[in-house]
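Enquirer: I have a structure here, written as structure tokens, and I will follow up with some questions on it.
The values are calculated or read from the model by the stated rules, or taken from the named source; none is laboratory data. What you see is a predicted model, and the numbers here were worked out from it, not measured in a lab. Every residue, glycine among them, receives a Cβ derived from its backbone with ideal geometry; neighbour counts consider all protein chains shown. Areas reflect the complete protein model, heavy atoms only, side chains present, ligands, DNA and RNA absent. Shrake-Rupley method; radii C 1.70, N 1.55, O 1.52, S 1.80 Å.
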Amino acid sequence: MIRLATSALALSLLAAPALAEPVAYEFDKSHANLSFTYNHLGYSTTDGRFGDWDGKLLIDQDTPANSTVEFTVNIDSLDTFWADRDTHLKSPDFFDAAKYPQAAFKSTKVEQTGENQLEVTGDLTLKGVTKPVTLTVDVTAIGEHPMAKKAAAGFAVSTVLKRSDFGMDMFVPYVGDEVTVTFHAETLKADATN
């Protein structure tokens, strides 16, 4: 009797539908931009970007809470379109790129907050300091990419950081403490690997 019950349980487990695993997506760097802005003395907004970054993205479309993202940024790739300012921002007064060459973000929680919106909470490490950060993520598109003919997803991501939280408080409050970070990206489903 026990053997029959065990066999029935095993058969029912085999017949049960498998839970979907999150799917790996790759960033299309030719259609992505990681940028930031901050206020300068109340007179203007300064823009910048990071040209060298990488990320790992797993998407669970049915259960977004199972999705994850990890991201690294090469600080030396900072570009504010003014060489002297870039040199100063990479110095120990700000990012100290020689000592802390990378920034990193690793998600800890993904929450769906609207039909096409997520909140992604994670740990941001910048200049040797790690703090929790929440990203607002608008899913701009998800489906089959019309040219690549494979699953794709597009995102507009934003957050506001206080640079002083990461040991970069020079010229605060005259030069804005709050920095708005924006990331626009297309991603494509990763090819299966053997």
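Enquirer: Residue check, K131 against (1) assigned to a loop (DSSP other than H, G, I, E, B); (2) in contact with a Phe, Trp or Tyr (Cβ under 8 Å, 6 or more places away or on another chain); (3) loosely packed, with under 13 Cβ neighbours inside 10 Å, all met but one. Which one?
Expert: For K131, the failing item is (1).
Enquirer: Can you run down the residue pairs with Cβ atoms below 7 Å, 6 or more apart or on separate chains, where the first is in region 23-44 and under 30 Å from A192 (Cα atoms) and the partner is part of a strand (DSSP E or B) and among the charged types (D, E, K, R)?
Expert: V23/K189; Y25/K189; D28/E186; H31/E186; A32/E186; N33/R49; L34/R49
Enquirer: Within region 140-154, restricting attention to residues that are open to solvent by 30 Å² or more (accessible area, probe 1.4 Å) and part of a strand (DSSP E or B), which residue is nearest to A97 (Cα to Cα)?
Expert: Per the criteria, the residue is T140.
Enquirer: Oh, and also: Filter region 167-194 down to residues that are more than 19 Å from T130 (Cα to Cα), touching a strand residue (DSSP E or B) at 6+ places or on another chain (Cβ under 7 Å) and charged (D, E, K, R), then give me how many there are.
Expert: Adding up the residues that qualify gives 2.
Enquirer: State whether the residues of region 177-193 include one that is in a helix (DSSP H, G or I), of a type outside the set (V, I, T) and closer than 19 Å to P92 by Cα.
Expert: Within region 177-193, not a single residue is in a helix (DSSP H, G or I), of a type outside the set (V, I, T) and closer than 19 Å to P92 by Cα.
Enquirer: Okay, next question. For residues that are aromatic (F, W, Y) and surrounded by 16 or more Cβ atoms within 10 Å (Cβ to Cβ), tally how many sit in region 68-86. So that I can check it myself, show each step before the final result.
Expert: Going residue by residue through region 68-86, those that are aromatic (F, W, Y) are 71, 81-82.
When the remaining residues are screened for being surrounded by 16 or more Cβ atoms within 10 Å (Cβ to Cβ), the result is 71.
Here the count works out to 1.
Enquirer: Is it fair to say A65 is open to solvent by 40 Å² or more (accessible area, probe 1.4 Å), more than 22 Å from the chain's Cα centre (by Cα) and among the small types (G, A, S)?
Expert: Values: open to solvent by 40 Å² or more (accessible area, probe 1.4 Å): yes; more than 22 Å from the chain's Cα centre (by Cα): no; among the small types (G, A, S): yes.
No: the conditions fail for A65.
Enquirer: Something else about it: Applying the selection to region 155-194, what residues are without any contact (Cβ under 8 Å) to a residue 12 or more places away in the chain and either at positive phi or open to solvent by 60 Å² or more (accessible area, probe 1.4 Å) (or both)?
Expert: To start, the set of residues in region 155-194 that are without any contact (Cβ under 8 Å) to a residue 12 or more places away in the chain comprises 169, 171-173, 191-194.
The answer is D169, F171, P173, D191, A192, T193, N194.
Enquirer: Can you list the strands (runs of 3 or more DSSP E) found entirely within region 16-66 that contain at least 2 residues being of a type in the set (A, V, I, L, M)? Let's see the steps before the verdict.
Expert: Working: elements: 23-40, 44-50, 53-59.
Once the strands (runs of 3 or more DSSP E) in region 16-66 are filtered for at least 2 residues that are of a type in the set (A, V, I, L, M), what remains is 23-40, 53-59.
Enquirer: Still on this structure, please answer the following. Going through region 87-107 one residue at a time, which ones are under 17 Å from F71 (Cβ atoms) and either open to solvent by 30 Å² or more (accessible area, probe 1.4 Å) or without any contact (Cβ under 8 Å) to a residue 12 or more places away in the chain (or both)?
Expert: Residues satisfying the conditions are F95, Y100, P101, Q102, A104, K106.
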